[in-house]
Each structure stands twice: as C-alpha cells, then as structure tokens.
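Here's the structure, in structure tokens; my notes come after.
The values are calculated or read from the model by the stated rules, or taken from the named source; none is laboratory data. Computed from a predicted model, the values in this text were never measured in an experiment. Heads up, the Cβs are rebuilt from the backbone with ideal geometry, glycines too, and the neighbour counts pull from every protein chain shown.
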Amino acid sequence: MQRQDQINDEFGQGVRRARVTSVFIALAVLLVVFVVANLCIGSLNVPLRDLGAILTGLDTESTYYQVIWNIRLPRLIAAGLLGGALALAGFLLQTFFNNPIAGPYILGISSGAKLVVALMMIVVVGNAGVMSSGMMILAAFVGSMIAMIFVLLVSRRISSMSMLIVAGVMIGYICSAATDFLITFASDANIVNLKNWSLGSFSGINWSDIGLMTAVVLVASAAVFLLSKPMGAFQLGEQYTRSMGVNIRAFRIALILLSSLLAACVTAFAGPISFVGIAVPHLVKRFLATSKPLVVVPAAFLGGGIFCLFCDLIARSVFAPTEVSISAVTAIFGAPVVIAILLRRQKRMQ
C-alpha cells in the first residue's frame with residue numbers, strides 16, 4: 001500500500017512537471033509569434049522575408065529598417081518589459097493582501113504614480129526644463145508609495161478585502177481626477193500632450209529609455225524571484241512563515257517597495273495600464289495549476305509581456321493610422337478575467 005502511494009505521488013509530480021514544462025513552451029512560442037507580428041504588422045507592413053536582413057543590419061537603407069529600429073523595436077521591448085513588470089507587481093500585491101483581484105491599477109497605485117509624474121512634468125517642463133527618464137521614475141515611485149501608504153492605512157481599519165478594493169478604486173478615482181484637472185488647465189502645448197500619456201501608450205519610447213527601463217525592471221524582477229521561497233511560505237500563513245525563519249516585517253516592506261517600483265516604472269514610461277496586474281497572474285496560475293512563486297514568477301513575467309504585446313498590436317494596427325489607448329485594449333481582455341474571478345469566489349462562498 002505504501003509502495004502504491006509512492007508510485008501515485010511520483011506519477012502526480014511527473015504530471016505537474018510536464019504541465020509546467022508545456023506551459024513554458026507555449027509561452028515561448030507565443031512570445032516569438034507576437035514579437036514577429038509586432039515587427040511586421042502596422043500602418044506600414046514589413047515583409048517577413050526581409051525581417052532577418054533588417055534585424056542583422058544587412059539592409060540599412062530601406063524605410064523598413066528605419067521603422068523597425070527607430071519605432072517598432074523599442075516599442076516592442078518596452079511592451080514586453082513593462083507588461084512583465086505589471087504582472088509581477090500584481091502578483092506581489094495579491095500575495096501581500098491575499099486577494100486575487102489586488103493590483104496596481106485597482107488599488108490606485110498606478111493613479112498615484114500618474115498624478116505625481118504629471119505634476120512634476122508640469123512644473124519642470126513649464127519652467128523650460130527637461131525631465132529625464134530617471135526623474136520620471138523617481139516621481140512615479142513617490143506617487144505610488146503615497147497611494148500605497150493610503151491603502152495600507154485603510155487596510156488597518158477595514159477587515160473586509162472587498163471594501164479594501166473599493167477604497168483603492170476610490171483612491172484611484174481621486175488621483176485620476178486630480179491629474180485630469182492639472183492637464184486640463186496646463187497651457188504649454190507639450191504639457192497638454194500629457195493627455196495621451198495619461199491614457200496609456202507604449203509609443204514615443206526611445207533607446208535611451210529602453211536602457212534605463214531594462215535596468216530597473218530586470219533588477220527588480222530578479223529581486224522578486226529571489227523572494228519566491230519566502231512568498232511560498234507566506235502563502236501558507238504568517239505563523240508558518242515565521243517558523244521558516246523569515247522576518248515578516250522586512251518581507252512585507254520588500255513586497256511593498258518592489259511592487260511600487262515595478263508599477264512606477266510602468267507608469268513613468270507608458271502611463272497607467274489597466275487589468276494586466278490582475279488578469280495575467282490569475283491566468284498563469286490557472287494554466288500552471290499551481291500558485292508556487294518559484295514557477296509563477298517567471299511565467300507571470302513572460303505572460304505579462306505577451307499579453308501587452310498582443311494588446312499593443314491591436315491598439316496600433318486595428319484602426320491604423322489611428323491608435324487606440326493601450327489601457328482600453330487591456331481592459332477589454334482583462335476585465336472579463338476579473339469578473340470570472342469574482343464569480344468563482346462568490347460560488348465558493350455559497
């Protein structure tokens with residue numbers, strides 16, 4: 001009997017490993033497909049047969065080369081990196097609050113970052129200054145931390161997680177309203193263009209932005225991966241986490257700082273992007289059939305990048321040359337996932 005149980009256990013582990021492997025293979029295939037699609041499809045379609053020569057530098061004279069290297073490739077990298085950052089930020093917040101619909105957009109963290117960035121841009125650009133990418137990330141981080149502090153203060157007074165989400169949504173509305181007020185009464189033409197940024201977009205990103213963005217996102221993502229084991233223990237309860245020798249206070253602070261930094265980086269470069277931080281971690285856990293951070297973290301990063309590449313392709317190509325807000329497209333595909341989560345939770349409670 002004991003031998004049979006061991007065989008069943010080994011078989012179950014083999015099935016789980018095979019499922020995880022198949023999910024990562026599927027993510028890799030989807031990543032390649034959407035990378036190629038984003039490079040080739042747009043208001044100017046690039047022939048697939050010319051793509052290799054353009055990327056390797058053998059064809060530097062054509063219009064296709066300029067379009068891909070100056071516009072589409074930086075945008076593609078930004079969508080992949082920032083999408084992954086959003087998914088990780090959402091997973092960290094869901095772990096921290098133990099709530100599947102917690103995310104930087106829902107809790108108002110992205111809106112807080114947007115408000116401070118808009119304020120800084122109005123002050124700096126309005127005084128004939130230049131706001132660097134580093135200043136934008138710093139401003140967004142300050143805004144996201146302010147919003148996070150409000151959410152944490154509210155969470156101490158509210159025991160219901162649903163009410164906490166409502167409070168976060170209200171904080172987001174307040175910050176968005178304040179941002180819209182600032183943008184509406186800005187006089188400088190460049191500042192008025194903040195309206196497009198405030199709706200969310202990967203356009204206008206250049207190679208200097210990519211360098212800083214890559215450094216911030218990859219370092220923060222590596223730190224998140226290193227927290228995988230403590231997060232796995234935290235999912236089993238604080239008592240178990242302490243028994244594993246984890247400093248709960250330091251661990252919570254790390255979750256807050258990393259989620260805020262990742263959300264701030266996204267907001268600084270692309271504006272607020274909705275539902276990615278909620279939908280992607282949930283979908284990844286469903287496909288993996290596990291919530292172990294050791295596999296969910298890299299899968300969520302890949303899934304977030306793929307999701308944003310897909311949505312950005314739709315945003316800029318379906319109604320080309322008119323471009324749709326990326327946040328509007330992510331909401332179309334992400335909101336149904338959130339509704340499904342709520343319906344499942346309601347069904348379990350009945």
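Note on the stretch 221-261: residues that are among the charged types (D, E, K, R) and within 28 Å of G80 (Cβ to Cβ) amount to 1.
In this structure, L107 does not qualify as free of Cβ contacts under 8 Å to residues at least 24 places away in the same chain, in a loop (DSSP other than H, G, I, E, B) and of a type in the set (A, V, I, L, M). Take the conditions (1) in a helix (DSSP H, G or I); (2) at pLDDT below 90; (3) under 20 Å from L93 (Cα atoms); S208 misses just one of them, which is (3). Among the numbered criteria (1) out of contact with any Leu (no Cβ under 6 Å at 6 or more places or on another chain); (2) in contact (Cβ under 8 Å) with a residue 60 or more places away in the chain, which single criterion is violated by V276? V276 satisfies all of (1) out of contact with any Leu (no Cβ under 6 Å at 6 or more places or on another chain); (2) in contact (Cβ under 8 Å) with a residue 60 or more places away in the chain except (1).
Every residue, every condition in (1) in a helix (DSSP H, G or I); (2) surrounded by 11 or more Cβ atoms within 10 Å (Cβ to Cβ); (3) of a type outside the set (A, V, I, L, M), yes or no:
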position	(1), (2), (3)
L27	yes, yes, no
F34	yes, yes, yes
V46	no, yes, no
L51	yes, yes, no
I54	yes, yes, no
G57	no, no, yes
Q66	yes, yes, yes
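Scanning the stretch 21-38 for residues that are closer than 14 Å to C311 by Cα and of a type outside the set (S, T, N, Q) returns L30, L31, V33, F34, V35, A37. Any residue in the stretch 227-242 that is buried (at least 19 other Cβ atoms within 10 Å of the Cβ), assigned to a loop (DSSP other than H, G, I, E, B) and either β-branched (V, I, T) or over 11 Å from the mean Cα position of the chain (by Cα) (or both)? Within the stretch 227-242 (the criterion being buried (at least 19 other Cβ atoms within 10 Å of the Cβ), assigned to a loop (DSSP other than H, G, I, E, B) and either β-branched (V, I, T) or over 11 Å from the mean Cα position of the chain (by Cα) (or both)), the answer is yes, since at least one residue qualifies. Only one entry of G305, G271, G200 meets the criterion of being buried (at least 17 other Cβ atoms within 10 Å of the Cβ) and either at pLDDT 95 or above or farther than 23 Å from V116 by Cβ (or both), and that entry is G305.
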